[in-house]
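Just below is one structure, and these are the notes that go with it.
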Amino acid sequence: MLILEKAWAKAHGSYANIVAGSPTEVFKAVSFAPAELLVVKEGEEERDKLWRKIVEHARKDHPCCCGTDDDPSVDWASIGLVPGHAYTLIDAVDLSDNDGRHHRMMKIRNPWGQREW
């Protein structure tokens, strides 16, 4: 993802010119490959459907990214994330702990390489 971001910034003159752009645009323009924007919707069934798609794409090693919104009511910093920022999705897995509780885990990378937890 970092290479795509650099290429996109170069094509648009600077990083400042691509702030708040959509990663979907970059995938389409740079790779000429199909790209899909998945949006979080209300409801457990919709979240489950979204999660299944994320895991499917991660298992197939498709380039994926995710991001945070800039809603001031969400404290992204409390979990080590930057508001209004895109991240590279490295992996997505379903895990169960020793107590049998189910956890959905995503391994992400900040393309800035800083402000991580």
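Here's the yes/no breakdown for (1) surrounded by 10 or more Cβ atoms within 10 Å (Cβ to Cβ); (2) of a type in the set (Lys, Arg):
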residue	(1), (2)
Val39	no, no
Lys53	yes, yes
Lys60	no, yes
Cys66	yes, no
Leu81	yes, no
Ala86	yes, no
Ile90	yes, no
Met105	no, no
- Task: State which residue pairs qualify: first residue over 15 Å from Lys53 (Cα atoms) and modelled with pLDDT of 90 or more and inside region 88-117, second residue in a strand (DSSP E or B) and among the polar types (S, T, N, Q) in any location, beta carbons under 6 Å apart, and separation of 6 or more residues or different chains.
- Result: His102/Ser96
- For region 41-59, pairs from a residue that is within 20 Å of Asp69 (Cα to Cα) to a residue that is β-branched (Val, Ile, Thr), with Cβ under 9 Å and 6 or more apart or across chains, are Glu46/Val40; Arg47/Val40; Leu50/Val39; Leu50/Val40
- Message: Condition (residue is surrounded by 14 or more Cβ atoms within 10 Å (Cβ to Cβ) and either in contact with a Pro (Cβ under 9 Å, 6 or more places away or on another chain) or in a loop (DSSP other than H, G, I, E, B) (or both)) applied to region 43-51: is it met by at least one residue?
- Response: no
- Item | region 57-68, residues that are closer than 11 Å to Leu38 by Cβ and not in a strand (DSSP E or B) | His57
- Message: Take the conditions modelled with pLDDT under 65 and outside any helix (DSSP H, G or I) and apply them to Ala35. Does it pass?
- Response: no
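The values are calculated or read from the model by the stated rules, or taken from the named source; none is laboratory data. Bear in mind the structure is a predicted one, so any value in this text is a computation, not a measurement. For neighbour counting, all protein chains shown are included, and Cβ atoms are generated from backbone atoms with ideal geometry for every residue, glycine included.
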